Amino acid sequence: MKLTTDPRAAAVRLRDGGLVAVPTETVYGLAARADDPHAVARIYAAKGRPADHPLIVHVANAIALDEWAAFIPEYAHRLATEFWPGAMTLVVKRSDRAGDYITGSQDSVALRVSSHALMDETLRALIMLTDDPAIGIAAPSANRFGKVSPTSAQHVLDEFVDILSDSDLVLDGGESSVGVESTIIDCTDEIPRLLRAGAITIEDIERVTGLRPGMTSSVRASGTLESHYAPSAEVVLTDAEGLAASRPTDVARIGVLALSNVPTPLGMVRLASPSTNDEYAHVLYAALRDADALQLTSVLAVLPDDSGLGAAVIDRLRRAAHS
Ligand code: TXA
Ligand code: MG
């Protein structure tokens, strides 16, 4: 695959049925046009992702929601108006536009409008090229199934350079600002349900909809599998006291991930020292990738509190620790 910074080149490659890794404010996605089953099949093959795990369809704006959904509850309109473009994905009852090859044969579809400028420009260019204002691009996170999501173009290249073809592209839009995947909200029922924690919090959803979100759902989400987002190094959850008291045998191969007020035990490798929960989310995946690049055997991760993006960081670290 080749690097580019040109959203028009990305749109042309997508129009022609190719794959393009696209930047979003959450993580990079591996995109194909959502109305092309063959292009979408290549995403599954490249990721090694089981075919029954549905993809998120990225659209240019909330108007396209009406085209992709068969039914949209009032609260979902409110969420779209308030948080799109942004780090939020809505799962709604699907229209005929959403084929089985996108939805894993479920009767719902996941939709998102990203706020990343290059993603927006790519979609606008693709709309011009296809003459379809509601055209979507299917894009899961651009990592191999179960692995750590990418937050830079280099992360995508590291993982896919040998897997994708020379004509596929990586659209370089710099580091993803949020750093963890979008909040996923199931909007197929009378109340919204949180499927995956992200930058839009439970409190945000409640404030905007006036409804207390449910926490469980019958729909499937692979990001909700117990083991996911995992580096090769073993991830061990701890707290500041546990970290200070730990006495591993080979300290030089132990990484530490914690807020900056937590000191690094002598000899261990500090992977990141974020000073806020937002910053923790921003550096999380790069730190886990660094652990593997440094061939560390384990990462001791001190969980933040659950305010703001803290809940998403806790969620991802728990799943990374579960493998
Ligand atoms: O931030 C993000 O959401 C990134 C960027 C690239 O947009 N995308 C992302 O995609 O994280 P992915 O495929 O790695 O995770 C999407 C999650 C999966 O857990 C999938 O199972 C779930 O969304 N999902 C997709 N369609 C669904 C549906 N119809 N019902 C329930 N869950 C769905
Ligand atoms: Mg993913």
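Taken together, the values in this text are just the output of simple stated rules run on the coordinates, not laboratory data. What you are looking at is a predicted structure, and each value in this text was computed from that prediction instead of being measured. Backbone-built Cβ (ideal geometry, glycine too); neighbour counts: all protein chains shown.
Per residue of the chain, what 222 nm ellipticity follows from adding -39500 (n - 2.57) for every DSSP H run with n ≥ 4, rounded to the nearest 500?
-9500 deg cm²/dmol
Between Asp189 and Arg270, how many nm apart are label points set 7 Å from Cα along the C-beta direction?
4.4 nm
Please report, for the Cα atoms of the chain, the Rg to one decimal and the Dmax as a whole number; what are they, in angstrom?
Cα only, the chain: 19.4, 62 Å (Rg, Dmax).
For region 117-180, which trypsin sites (Lys or Arg not before Pro) are in a loop by DSSP, counting at most 15 other Cβ atoms within 10 Å?
Those satisfying the criteria are Arg144.
For region 24-145, what does the convex hull of the Cα positions come to per residue, in cubic angstrom?
Once divided by residue count, the hull of region 24-145 is 91 Å³.
Taking the Cα centre of the chain as origin, work out the dipole magnitude from +1 charges on Lys and Arg Cβ and -1 charges on Asp and Glu Cβ, in debye rounded to 20.
Dipole of the chain, to the nearest 20 debye: 480 debye.
Hey, what angle do you get for helix 277-293 against the long axis of the chain, alpha-carbon based, 0 to 90 degrees rounded to 10?
Approximately 70 degrees, to the nearest 10.
Give the longest segment of the chain that steers clear of GluC sites (Glu not before Pro) in DSSP loops with at most 12 neighbouring Cβ atoms within 10 Å, not counting the sites themselves.
Values: sites that count: Glu190, Glu226.
The longest uninterrupted stretch comes out as 1-189.
Excluding Ala286 itself, what net charge comes from residues whose Cβ is under 12 Å from its Cβ, given Lys and Arg +1 and Asp and Glu -1?
The answer is -4.
What is the Cα convex hull volume of region 13-55 when expressed per residue in Å³?
Hull volume normalised by residue count: 77 Å³.
Could you give the angle, 0 to 90 degrees to the nearest 10, between helix 37-47's Cα long axis and the longest principal axis of the Cα atoms of the chain?
0 degrees
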